[in-house]
Amino acid sequence: MPTDRPTFAIVGAGLAGAKAAETLREEGFDGRLVLLGAEPERPYERPPLSKEYLRGEAEREQAYVHRTSFYAEQDIELRVSELAVDLDPGRKELTLDGDERLAYDGLLLTTGAIPRRLGIPGSELAGIHYLRTLDDSDALRARLDAGGRLVVVGAGWIGCEVAASARQRGLEVTVIAPHSVPLGRVLGTEVGEIYRDIHRDHGVEMLLGTAVASFEGAGSVERVRTRDGRTIDCDAVVVGIGAAPRAGLAVAAGLSVGNGVHVDGRLEASVPGIFAAGDVANQLHPTLGRLRVEHWDNALHQGPAAARSMLGSTEAYARAPYFFSDQYDVGMEYSGHASDWDRVVFRGDPASREFIAFWLRDGRVLAGMNVNVWDVAEPIQALIGHPVDERRLADPDVPLEHAAVGEVRA
Ligand SMILES: Cc1cc2nc3c(=O)[nH]c(=O)nc-3n(C[C@H](O)[C@H](O)[C@H](O)COP(=O)(O)OP(=O)(O)OC[C@H]3O[C@@H](n4cnc5c(N)ncnc54)[C@H](O)[C@@H]3O)c2cc1C
């Protein structure tokens, strides 16, 4: 459709793409706005897919970012089941699946991430699930309805949440993972142990410190064999071993890519006029350095930030990373980013499963996680980067803001 209005294209109709489109209209962009999504669905949020939607406790409708009529009302050309297969930054042109060309004046990549797959003997058997899309969640939900034993491969957030949901649905669950504790990469051993115990207390068999060697079965998975020689009979498997950024378009177009599309503080890629946000973006964060995070909150806020940058804003995206997880009756929020800490400080007793954990380096807070303690994410975020008095930090009777040495940001 030839047009003299500028065209902004957004590739990836997930949370980041949908919020970016919304923001472009809110901020007055009145050009042509095309939102391309490979999935057959209008944009939706993924957190319920391993939690209440998977358990059959929430309606599908609750997952969508906007009501159906929103896109037409906002003159956003939402094109679902439409995969962008090539990007030519020189011509400022996208090629779509059916060979259609789409010229753009501004481009935002919000293509998200895709589950890493296991390539071991038996990987092709039926009954081995991955979880990223509504379709995936529907298929797994049907499997949970059938009961039996579920093996979860991987003890990251998705693996742990699926294990919890499956137990809540009454299945027998075995988790197999290579580290000594679940969630260890992010939380470390001390806090990971707490989550290990939570799962064990709920009857999950935690086979940690080992890996899956093969899946076996006649057509459908019936057994999992571990590298240390154990076999676990099962009715289905969920593999949750992390996700990789969907940066193929950017790679093919010659953009700077490495664990995601490299973007600057304003979320602009190495080619001017192209932006990236959400799970696919690897941002040069103003205080944290290069960072790619796969968090709902990041997609929610980076999409709009990228939209504002497309309209000329020079403001850097500076929010602290934040994510949440719900497993059984244990809810948590994690703020900040800790990859290399020298100390973990607890406020409250972890055994009570109502506590806050702080990750510190050189006496400064890198990250904090509140578990079943609510309305504290903001004060925790205000402490990030600050030197703290550890004794005051650990004392629940001292207001969090008084744990800092010196003034904290408002
Ligand atoms: C099961 C599950 C549970 C989660 N739970 C939590 C949670 O509890 N807390 C939390 O903080 N985070 C959670 N997350 C992470 C959170 O959902 C993601 O960070 C968020 O979805 C990222 O949004 P996005 O828009 O960047 O990418 P996505 O949601 O992945 O959307 C990207 C979209 O782009 C489409 N696409 C890709 N390539 C193309 C192309 N070439 N052409 C057209 N379309 C394309 C994809 O099909 C996809 O629909 C969870 C994720 C999953 C999978």
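General remarks:
- If the condition is being surrounded by 15 or more Cβ atoms within 10 Å (Cβ to Cβ) and of a type outside the set (Val, Ile, Thr), then the stretch 198-207 contributes His199, His202, Glu205, Met206, Leu207.
- Residue in the stretch 179-188 that is hydroxyl-bearing (Ser, Thr, Tyr), without any contact (Cβ under 8 Å) to a residue 24 or more places away in the chain, surrounded by fewer than 22 Cβ atoms within 10 Å (Cβ to Cβ) and farther than 21 Å from Lys51 by Cβ present: no
- Where Gly28 falls short, out of the listed (1) on the phi > 0 side of the Ramachandran plot; (2) within 10 Å of the ligand (Cβ to nearest atom): (2)
- Qualifying strands (runs of 3 or more DSSP E) (wholly inside the stretch 284-384; at least 2 residues being open to solvent by less than 20 Å² (accessible area, probe 1.4 Å)): 322-327, 330-336, 343-347, 355-361, 364-371
- Annotation note: of Thr210, Thr226, the sole residue that is open to solvent by less than 70 Å² (accessible area, probe 1.4 Å), among the β-branched types (Val, Ile, Thr) and touching a Leu at 6+ places or on another chain (Cβ under 9 Å) is Thr226.
- Candidate set: the stretch 4-32, residues that are assigned to a strand (DSSP E or B) and of a type outside the set (Lys, Arg); chosen: the one surrounded by the fewest Cβ atoms within 10 Å (Cβ to Cβ): Thr7
- Selection status of Leu300, under 21 Å from Val365 (Cα atoms) and at pLDDT 95 or above: no
- Condition met for Leu108 (under 30 Å from Ser309 (Cα atoms) and within 8 Å of the ligand (Cβ to nearest atom)): no
- Only residues that are surrounded by 20 or more Cβ atoms within 10 Å (Cβ to Cβ), more than 7 Å from the ligand (Cβ to nearest atom) and either among the charged types (D, E, K, R) or in a loop (DSSP other than H, G, I, E, B) (or both) were counted across the stretch 37-50, and they come to 1.
- With respect to (1) at pLDDT 95 or above; (2) more than 16 Å from the ligand (Cβ to nearest atom); (3) open to solvent by 40 Å² or more (accessible area, probe 1.4 Å), the lone exception for Met1 is condition (1).
- Only a single item in (1) surrounded by 16 or more Cβ atoms within 10 Å (Cβ to Cβ); (2) away from the ligand (no atom under 16 Å from the Cβ); (3) not in a strand (DSSP E or B) is not met by Ile232, and it is number (3).
- Restricted to the stretch 51-70, and to residues there that are among the hydroxyl-bearing types (Ser, Thr, Tyr) and within 13 Å of the ligand (Cβ to nearest atom), the residue that is surrounded by the most Cβ atoms within 10 Å (Cβ to Cβ) is Tyr53.
The values are calculated or read from the model by the stated rules, or taken from the named source; none is laboratory data. This structure is a prediction, so every number in the text was calculated from the model and none was measured. All Cβ positions, even for glycine, are placed from backbone atoms using ideal geometry, and neighbour counts span all protein chains on display. Side chains are part of the model used for accessible areas, which takes the heavy atoms of the whole protein and leaves out ligands, DNA and RNA. Shrake-Rupley method; radii C 1.70, N 1.55, O 1.52, S 1.80 Å.
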